[in-house]
Amino acid sequence: MNATKPENRIWNPACECLPREELEPLQLKRLKKVVKTAWDKVPYYRRKMEAAGVRPPDIRTLADVSRLPFTTKDDLRSCFPYRGFAVPMERIVRIHASSGTTGQATVVGYTRKDLETWAELMARLHTAAGITNSDIVQIAFGYGFFTGGIGHHYGIEKVGAAVLPVSSGKSERQIQIMKDYHSTVLICTPSYGLYLAEVADRMGARDALCLRLGLFGGEAWTEPMRQALQKGLGVFATDNYGLSEVMGPGVSCECIEQRGMHIAEDHFLPELIEPATGAPAPDPAGAGGELVLTTLTKEGIPVLRYRTRDLCTFLPGNCPCGRTGRRMSKVSARSDDMLIIRGVNVYPQQIEAALLAIEGVAPHYQIVVSRAGALDELEVLVEATEGIFFDQMWKQQEMKDKIERRLEVALGVHAKVRLVEPGSTPRSEGKAVRVLDKRV
Ligand code: DLL
């Protein structure tokens, strides 16, 4: 059963509900300052700005941000390890880094003030999701260079709830801890949350859990996945977004309305662009675009116009919760996750949404891309629920045909479906790897 919607609480109404006519001058003041700091203190930024023919005094309005050059992950990699820092090492008190699995790691340094800002943003996020000082919060994100575990940790402490700093992995032990310590909140990736629901079921522990809230982030997930998490864990599930290059979690978060993630606009200036051209997205509330972020207050590593590669839209209208921060939709995909199958663009999340809308399909799947001669082949391994897989085998062909038809309508290209045994696709303890691309 889904948990009930929590009460609407706001951690810092003075900042989170700031009227836009006050927010924008504050953003402009901070933007000018961060651009000047980047120019003065980080030779890399000065070179890029000079090449683009822009200097700090050219930033007179918020719209002038578009005159600044973009920063990409490769740019940050080129500053490895510390060349992007804008303060001397004596002022850096924490270092995080990306995992480096896809290339040179990107390194982020935080001053004491940056850590205070981060904890404040996390406290806003946790309060927005319904956490109070009575909660017992199990953090099942990895602790370490990854920003998920430690980032959430300090926000929970600031709110005054009790943290169980369990970190990720050892899934049966996670469930045992949930039972023994009466955890009321679970924080992890959505894919790990689903796996934990499955483990709880297997252990017959579901009814012994006291979870009421689930805060999920770190990877893209769909609305049907929210339903699966809410049902599987008995939680009220909210999304939260961030990236290590600009801070970690805390950039944006859903409130209890579950209708888009409020961006902490007093600390990050968001833009939406067309990924192919870099021009402003023509229809931010419709087709949307790639999110670009500029940090407005970070001291250790200021980041100008970071291309996140995350695709989303900006939601129009005000949120009933009272926060004024612009809301971004759930991230629909990463532009670099796009698969081109026989000339058609396919995103893993389109497959997820189509699959989970079909009854009898478990929320676990894997996408395999291969090449047969000159043609790309898309195969989706889909786990059927136990009832269908074991008890109603005659239904399997019917189910497979139904999924293939649904996928073809959703994707515009044929995908071969293989129904596989429950529990047989890979489970993740962190971010799920959904695509196995055998072409590369
Ligand atoms: O994943 C920070 C984080 C930790 C956010 C925990 C939320 C919770 P990175 O490892 O640098 O940082 O990965 C950042 O993950 O560009 C997105 O592609 C993806 N991502 C993060 N949160 C979400 C989300 C952390 N809620 C990259 N929805 C980002 C969709 C997300 N994608």
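Sub-6 Å Cβ pairs linking a first residue in region 328-354 that is more than 19 Å from L293 (Cβ to Cβ) and free of Cβ contacts under 8 Å to residues at least 12 places away in the same chain to a second residue that is within 16 Å of the ligand (Cβ to nearest atom) and of a type outside the set (S, T, Y), at least 6 apart or interchain, are N345/M338, ordered by first then second residue. Residues in region 137-151: is at least one open to solvent by 10 Å² or more (accessible area, probe 1.4 Å), in contact (Cβ under 8 Å) with a residue 40 or more places away in the chain and more than 15 Å from the ligand (Cβ to nearest atom)? No, region 137-151 contains no residue that is open to solvent by 10 Å² or more (accessible area, probe 1.4 Å), in contact (Cβ under 8 Å) with a residue 40 or more places away in the chain and more than 15 Å from the ligand (Cβ to nearest atom). Screening Y181, Y192 for residues that are within 17 Å of the chain's Cα centre (by Cα) and either hydroxyl-bearing (S, T, Y) or open to solvent by 10 Å² or more (accessible area, probe 1.4 Å) (or both) leaves exactly one candidate, Y192. So, A200, is that one within 22 Å of G149 (Cβ to Cβ), within 16 Å of the ligand (Cβ to nearest atom) and not charged (D, E, K, R) or not? Here the answer is no, as A200 does not meet what is asked.
If you scan region 290-308, which residues turn out to be under 21 Å from C253 (Cβ atoms) and surrounded by 19 or more Cβ atoms within 10 Å (Cβ to Cβ)? Answer for region 290-308, where residues must be under 21 Å from C253 (Cβ atoms) and surrounded by 19 or more Cβ atoms within 10 Å (Cβ to Cβ): E290, L291, V292, L293, T294, T295, L296, K298, V303, Y306, T308. Within region 321-345, if we keep just the residues that are at pLDDT below 95 and of a type in the set (A, V, I, L, M), the residue that is farthest from E265 (Cα to Cα) turns out to be I341. All of (1) free of Cβ contacts under 8 Å to residues at least 40 places away in the same chain; (2) open to solvent by less than 30 Å² (accessible area, probe 1.4 Å); (3) within 16 Å of the ligand (Cβ to nearest atom) hold for A161 with one exception: (3).
Applying the set (1) surrounded by fewer than 23 Cβ atoms within 10 Å (Cβ to Cβ); (2) touching a Phe, Trp or Tyr at 6+ places or on another chain (Cβ under 8 Å) to T106 leaves exactly one unmet item: (1). For region 214-252, taking the residues that are more than 7 Å from the ligand (Cβ to nearest atom) and charged (D, E, K, R), the one that is least open to solvent (accessible area, probe 1.4 Å) is identified as R226. Annotation note: of A52, A38, A63, A86, the sole residue that is assigned by TED's automatic domain parsing to the domain that holds G325, of a type in the set (G, A, S), within 18 Å of E271 (Cβ to Cβ) and buried (at least 18 other Cβ atoms within 10 Å of the Cβ) is A38. Restricting attention to region 121-166 and to residues that are of a type in the set (A, V, I, L, M, F, W, C) and part of a loop (DSSP other than H, G, I, E, B), the residue that is nearest to A237 (Cα to Cα) turns out to be A129.
Consider P316 carefully, then state whether it is free of Cβ contacts under 8 Å to residues at least 12 places away in the same chain and either in the same structural domain as A129 (by TED's automatic domain parsing) or more than 15 Å from the ligand (Cβ to nearest atom) (or both). When the stated conditions are applied, P316 does not pass them.
Entry remark, region 388-425: residues being in a helix (DSSP H, G or I), open to solvent by 20 Å² or more (accessible area, probe 1.4 Å) and closer than 17 Å to A362 by Cα number 13 in total. Restricting attention to region 366-384 and to residues that are in contact with a strand residue (DSSP E or B) (Cβ under 7 Å, 6 or more places away or on another chain) and without any contact (Cβ under 8 Å) to a residue 60 or more places away in the chain, the residue that is most open to solvent (accessible area, probe 1.4 Å) turns out to be E377.
The criterion of at least 3 residues that are touching a Lys or Arg at 6+ places or on another chain (Cβ under 6 Å) is met by the following strands (runs of 3 or more DSSP E) wholly inside region 339-387: 361-372, 375-384. For region 15-120, the helices (runs of 4 or more DSSP H) that sit wholly inside it and include 1 or more residues that are aliphatic (A, V, I, L, M) and free of Cβ contacts under 8 Å to residues at least 60 places away in the same chain are 20-41, 43-52. Residue selection: R94 satisfies the criterion of being open to solvent by less than 50 Å² (accessible area, probe 1.4 Å) and closer than 20 Å to T297 by Cβ.
Applying the set (1) open to solvent by 30 Å² or more (accessible area, probe 1.4 Å); (2) of a type in the set (G, A, S); (3) within 28 Å of V440 (Cβ to Cβ) to A357 leaves exactly one unmet item: (3). Select from region 346-362 the residues that are within 16 Å of the ligand (Cβ to nearest atom) and modelled with pLDDT under 90 and list them in ascending order. Once the filter is applied, which keeps residues that are within 16 Å of the ligand (Cβ to nearest atom) and modelled with pLDDT under 90, region 346-362 yields nothing.
Test G430 against the stated conditions and say whether it is surrounded by fewer than 16 Cβ atoms within 10 Å (Cβ to Cβ) and either outside the structural domain of S167 (by TED's automatic domain parsing) or of a type in the set (A, V, I, L, M, F, W, C) (or both). Answer is no for this residue. One residue is enough: does region 272-286 have a residue meeting the conditions within 9 Å of the ligand (Cβ to nearest atom) and under 28 Å from D114 (Cβ atoms)? No, because not a single residue in region 272-286 is within 9 Å of the ligand (Cβ to nearest atom) and under 28 Å from D114 (Cβ atoms).
The values are calculated or read from the model by the stated rules, or taken from the named source; none is laboratory data. Predicted model, so just to flag it, every value in this text is computed and none were measured. Every residue, glycine as well, gets a Cβ built from its backbone with ideal geometry; the counts of neighbours run over all protein chains shown. Please note that ligands, DNA and RNA were not included when accessible areas were found on the heavy atoms of the full protein model with its side chains. Shrake-Rupley method; radii C 1.70, N 1.55, O 1.52, S 1.80 Å.
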